[in-house]
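Each remark here refers to the structure printed beneath this line.
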Amino acid sequence: MLTVNARSTSGTGAPFVATTIERRDLGPHDVLIDIAYAGICHSDIHTARGEWGDTHFPLVPGHEIAGVVSAVGSEVTRFAVGDRAGVGCMVDSCRECGPCLAGEEQYCLTGNIGTYDAIGRDGRPTDGGYSEKIVVDEAYTLRIPEGLDLDVAAPLLCAGITLYSPLRHWGAGPGKDVAIVGLGGLGHMGVRIAKAMGAEVTVLSQSLKKQEDGLRLGADHYHATGDPDTFQALAGRFDLIVSTISASVDMGAYLGLLKLDGALVNVGLPEEPLSVPAFPLLEGRRSLAGSMIGGIRETQEMLDFCAEHGLGAEIEVISADQIDEAYDRVVASDVRYRFVIDIATMAG
């Protein structure tokens, strides 16, 4: 076993403290990654604060991981020492069901194994990227292209793929009008990716306070949903709407913004059930759908796409001692647009 420095929380609402964790010895197909940066996803906060049900404590979160391979197992073929590598939201799955065989491991019928707050094949709880090193099977490890700096690449392993997957699946591209609801950690990547795909991009945000950022990031239009005239003015406008927000919204109003055969895709996770009126769904043969991260193959495709187009996340780098403060700031929407932990500070 390998002992490494990490930051963990001992219970709901407890602060993060310096600790050590054990990583398994390398198996024949494993790679050891020296983590350089770990992004802070809102999912980390929901989990650490017990907002999504039972959490395995002590908890070491982090599923936006970027670093460098420092050792490989005897049968590893895809990675070598010195390669730049990343780990996203899952570290394993059953590998046998239909979704897994189709390269959609995130939808594994028995449940994928999360990078943290899950139980691995060895029966031990998984620990995430708020740590110095991680051991992962090469089949669930991503190659980070040279065109991406590791700090701006880390958030792509969740925020990037969470937006890339529905944009690709629902055909965002030339001739398509795409709206991104919310300009946060997820939404800002959605704007960049949709624009790089060639779509006409609109940001729908509660207010205009981030309008300058949205246009700088590539949006063609920016509208405030708090303006009562917005929904009437944009009725029937969009082929695809991707909602990144975790608050309950008027689903009927957003469905009314879709063209014939348009789709509203939810990637946010509101705590309350969504209430969907039937008429605006049926009218226009519209679709309401959900999307969750992406498979390993598609995540690699996303990283290559982002490197080709120079798309990294907009980040604020913090030290390991600032995790609690960062959590509070994320909840207060006081980050533009992703906190990333410098793992070199982990031993402090």
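Residues in the stretch 227-246 that are out of contact with any Gly (no Cβ under 8 Å at 6 or more places or on another chain) and within 21 Å of VAL330 (Cα to Cα): none.
The single residue among ALA196, ALA159, ALA172, ALA253 that is among the aliphatic types (A, V, I, L, M) and either over 24 Å from GLY88 (Cα atoms) or over 22 Å from the mean Cα position of the chain (by Cα) (or both) turns out to be ALA253.
The listed residues are LEU204, LEU240, LEU217, and the only one of them that is within 22 Å of PHE339 (Cα to Cα), crowded, with 18+ Cβ neighbours inside 10 Å and either outside the structural domain of VAL330 (by TED's automatic domain parsing) or among the hydrophobic types (A, V, I, L, M, F, W, C) (or both) turns out to be LEU217.
So that you can scan it fast, the table gives a plain yes or no per residue for (1) under 20 Å from LEU157 (Cβ atoms); (2) exposed (fewer than 13 other Cβ atoms within 10 Å of the Cβ):
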site: GLU271; (1), (2): no, yes
site: SER275; (1), (2): no, yes
site: ALA278; (1), (2): no, yes
site: CYS306; (1), (2): yes, no
site: GLN322; (1), (2): no, no
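VAL17 meets all of the listed conditions (1) closer than 19 Å to ILE343 by Cβ; (2) in contact (Cβ under 8 Å) with a residue 60 or more places away in the chain; (3) among the β-branched types (Val, Ile, Thr) but one, namely (2). Residues in the stretch 177-211 that are under 24 Å from LEU269 (Cβ atoms) and in contact with a Lys or Arg (Cβ under 6 Å, 6 or more places away or on another chain): LEU183, GLY185, VAL201. For the stretch 83-114, the set of residues classified as touching a residue at least 40 places away in the same chain (Cβ under 8 Å) and part of a strand (DSSP E or B) consists of ARG84, ALA85, GLY86, VAL87, MET90, VAL91, ASP92, GLY114, listed by residue number. When ASP117 is tested against (1) surrounded by 14 or more Cβ atoms within 10 Å (Cβ to Cβ); (2) among the charged types (D, E, K, R); (3) outside any loop (DSSP other than H, G, I, E, B), only condition (3) is not met. If only residues of the stretch 257-283 that are touching a Lys or Arg at 6+ places or on another chain (Cβ under 9 Å) and at pLDDT 95 or above are counted, the one that is nearest to TRP52 (Cα to Cα) is LEU264.
Selection of the stretch 273-289 for residues being in contact with a helix residue (DSSP H, G or I) (Cβ under 9 Å, 6 or more places away or on another chain), more than 14 Å from VAL249 (Cβ to Cβ) and not in a helix (DSSP H, G or I) yields GLU283, GLY284, ARG286, SER287, ALA289.
Is it fair to say TYR327 is in the same structural domain as ALA66 (by TED's automatic domain parsing), under 17 Å from the mean Cα position of the chain (by Cα) and at pLDDT 95 or above?
yes
For the stretch 12-53, the tally of residues that are over 18 Å from the mean Cα position of the chain (by Cα), surrounded by 20 or more Cβ atoms within 10 Å (Cβ to Cβ) and among the acidic types (Asp, Glu) stands at 1.
Restricting attention to the stretch 73-83, does a residue exist that is in contact with a Gly (Cβ under 8 Å, 6 or more places away or on another chain), at negative phi and among the aromatic types (Phe, Trp, Tyr)? Even if it seems obvious, please write down each step before you answer.
Taking the stretch 73-83 and keeping what is in contact with a Gly (Cβ under 8 Å, 6 or more places away or on another chain), we get 73.
Still in the list and also at negative phi: 73.
With among the aromatic types (Phe, Trp, Tyr) added as a condition, the list becomes none.
Within the stretch 73-83, not a single residue is in contact with a Gly (Cβ under 8 Å, 6 or more places away or on another chain), at negative phi and among the aromatic types (Phe, Trp, Tyr).
The residues in the stretch 43-84 that are among the aliphatic types (A, V, I, L, M) and touching a helix residue (DSSP H, G or I) at 6+ places or on another chain (Cβ under 9 Å) can be counted, and the count is 8.
Go through the residues of the stretch 88-103 one by one and say whether even a single one is of a type outside the set (Asp, Glu), under 30 Å from ARG286 (Cβ atoms) and under 19 Å from the mean Cα position of the chain (by Cα). Taking every residue of the stretch 88-103 in turn, at least one turns out to be of a type outside the set (Asp, Glu), under 30 Å from ARG286 (Cβ atoms) and under 19 Å from the mean Cα position of the chain (by Cα).
The combined condition, being touching a Pro at 6+ places or on another chain (Cβ under 9 Å) and of a type outside the set (Val, Ile, Thr), is fulfilled by ARG84.
Does the stretch 235-270 hold any residues that are touching a residue at least 40 places away in the same chain (Cβ under 8 Å) and assigned to a loop (DSSP other than H, G, I, E, B), and which are they?
The answer is GLY236, ARG237, THR244, ILE245, SER246, VAL249, LEU257, VAL267, GLY268, LEU269.
Scan the stretch 230-256 residue by residue and report those that are among the acidic types (Asp, Glu) and at pLDDT below 95. Hit for the stretch 230-256 is ASP250, nothing else.
Counting only residues that are polar (S, T, N, Q) and under 16 Å from the mean Cα position of the chain (by Cα), which one in the stretch 107-126 is farthest from VAL60 (Cα to Cα)?
Among those residues, the one meeting the criterion is ASN112.
The values are calculated or read from the model by the stated rules, or taken from the named source; none is laboratory data. Computed from a predicted structure; not experimentally measured. Glycine gets a Cβ as well: all are built from the backbone with ideal geometry, and neighbour counts include every protein chain shown.
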